[in-house]
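Worksheet for the structure shown next.
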Amino acid sequence: MADEVRREWFEKDYYGVLGVPKNASASEIKKAYRKLAQQFHPDANPGNAEAEDRFKEISAAYDVLGDEEQRKSYDQVREMGASGFGGFGPGGAGAAGPGGWPGGGSGAQYVNVDDIGDLFGGLFGGAARGGGPARARPQRGADLETDVRISFDEAMRGTTVPVRISGPAVCQTCHGSGAAPGTSPIICPECGGTGEIAVNQGFFSMAQPCRRCRATGRIIETPCPTCKGGGSVRRTRTFQVKVPGGVKNGARIKLAGRGEPGPAGGQPGDLFVRVNVAAHELFGRRGDNLTITLPVSFPEAALGAKVQVPTLNGAVTLKVPAGTPSGKTFRIKGKGAPKAKGGHGDLLVTTKVDVPGKLSKEQKQLLRQLQDQQMDSPRKPLGVA
């Protein structure tokens with residue numbers, strides 16, 4: 001495996017931590033993580049140590065399950081532990097038993113130790129065959145998410161909006177290294193920079209996090225006076241976010257590297273900006289198409305007419321054929337929302353025959369004459385008069 005397998009994989013049920021089944025899809029895992037991370041994020045629970053610990057647990061679970069290769073390796077480790085193979089069943093590490101190590105009684109499975117080393121790399125006695133001990137990789141920072149609200153017109157033409165984020169940010173004194181200016185972190189002499197040390201577990205040696213460097217693989221001898229060696233400080237950051245024309249309600253814009261800084265000099269996470277578009281008084285939206293309801297009078301619908309229809313950039317003329325019923329939809333090409341790859345959608349115009357609430361005596365008389373001239377009832381297809 002490319003990543004070190006940690007002992008916690010035997011002990012921690014990361015699926016349970018995120019509240020998803022083992023066969024959950026990658027999108028389901030991501031959705032569960034984002035929901036929990038937002039709920040237990042330290043910014044949402046200031047001073048709550050329990051919520052902070054829960055957030056760290058959730059992040060650790062997603063670091064593994066959110067990576068396809070690490071998830072596959074984690075599942076293999078868990079299956080081994082469930083069968084009692086890893087020595088974490090009854091009797092502790094290295095204990096023999098049926099189906100376990102050689103000599104475990106009838107039905108014992110004889111396992112090639114070299115194969116185990118190939119599969120689990122640094123778990124049993126350091127690195128896998130064919131390579132030296134790998135240096136501990138700095139952990140990536142957490143992703144952040146925030147919301148902005150823009151008008152319908154701004155969404156159509158595009159705009160730039162300011163976004164303010166309060167929380168951990170890279171220390172400007174040490175630039176995230178955690179070391180005082182003029183100094184640098186050193187490789188941990190205890191673990192040689194791997195972040196892990198080997199502990200004898202009987203038949204094998206088990207890799208455990210190095211306590212001296214806290215599994216980071218490095219030690220800061222002279223901490224930064226501003227961040228006290230943490231590499232980050234809490235402050236408010238402001239970004240200008242460019243919203244493209246035609247953006248849909250609920251769209252998420254990614255700002256790479258603008259999330260929380262990673263501990264021990266790790267890469268920062270990303271910032272996701274969710275766009276909420278206000279409703280328009282005239283237009284609706286259906287994909288890249290805009291919709292509008294157009295009132296027409298009874299004479300216009302019955303006799304036909306040329307009427308004006310509002311669009312995003314001025315009115316256009318629509319020909320309404322004679323005999324147009326209420327609810328008829330017409331399509332005006334190229335008058336919809338801007339498309340991501342260029343061009344525009346269409347404007348869908350749905351007619352609504354306007355029935356006047358009040359009529360003069362003359363109007364009533366004319367309508368009665370029209371009614372007398374009508375030969376068939378419009379309800380005849382229904383079988384009623």
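Computed from the coordinates by the stated procedures, all read-outs in this text should not be read as laboratory data. The shown structure was predicted, so the numbers you read here are calculated from the model rather than taken from an experiment. We place every Cβ from the backbone using ideal geometry, glycine too, and count neighbours over all the protein chains shown.
Structural remarks
- Look at the dipole of region 288-382 built from charges on Cβ: of 329, 355, 303, the Cα furthest out on the positive end belongs to 329.
- Karplus-based coupling profile of region 62-77, in residue order and whole Hz: 6, 4, 8, 6, x, 10, 4, 5, 5, 5, 4, 5, 4, 4, 5, 5, with θ = phi - 60° in 6.51 cos²θ - 1.76 cosθ + 1.60 and x standing for Gly or Pro.
- Note that region 241-282, at 37 °C in a medium of 0.692 mPa s, gets a Stokes-Einstein diffusion coefficient of 270 µm²/s from its Kirkwood radius over C-alpha pairs.
- Nonlocal amide H pairs with residue 320, under 5 Å, H built at 1.01 Å: 305, 306, 307
- Share, in percent, of DSSP beta bridges within region 288-382 that are antiparallel, nearest 5: 55 percent
- Convex hull of alpha carbon positions in region 288-382: directionally averaged projected area 8.3 nm².
- The charge dipole of region 288-382, taken about its Cα centre with unit charges on the Cβ of Lys, Arg, Asp and Glu (plus for the first two, minus for the last two), comes to roughly 140 debye.
- For region 163-224, the Cβ-based charge dipole about the Cα centre amounts to some 180 debye (Lys, Arg positive; Asp, Glu negative; other atoms uncharged).
- Bridging of residue 228 to lysines at a Cα separation below 29 Å is possible for 56, once same-chain residues fewer than 8 apart are set aside.
- Working note: Karplus 6.51/-1.76/1.60 with θ = phi - 60° gives region 353-362 the couplings 5, 7, 9, x, x, 10, 10, 6, 4, 5 Hz, where Gly and Pro are set to x.
- All aspartates and glutamates inside 12 Å of residue 242 as judged from Cα atoms, apart from same-chain residues fewer than 8 positions distant: 154
- Lysine pair count for region 268-385 (Cα-Cα distance under 21 Å; residues 8 or more apart in sequence or on different chains): 13.
- Distance from the alpha carbon centroid of region 1-75 to that of region 271-321 works out to 47 angstrom.
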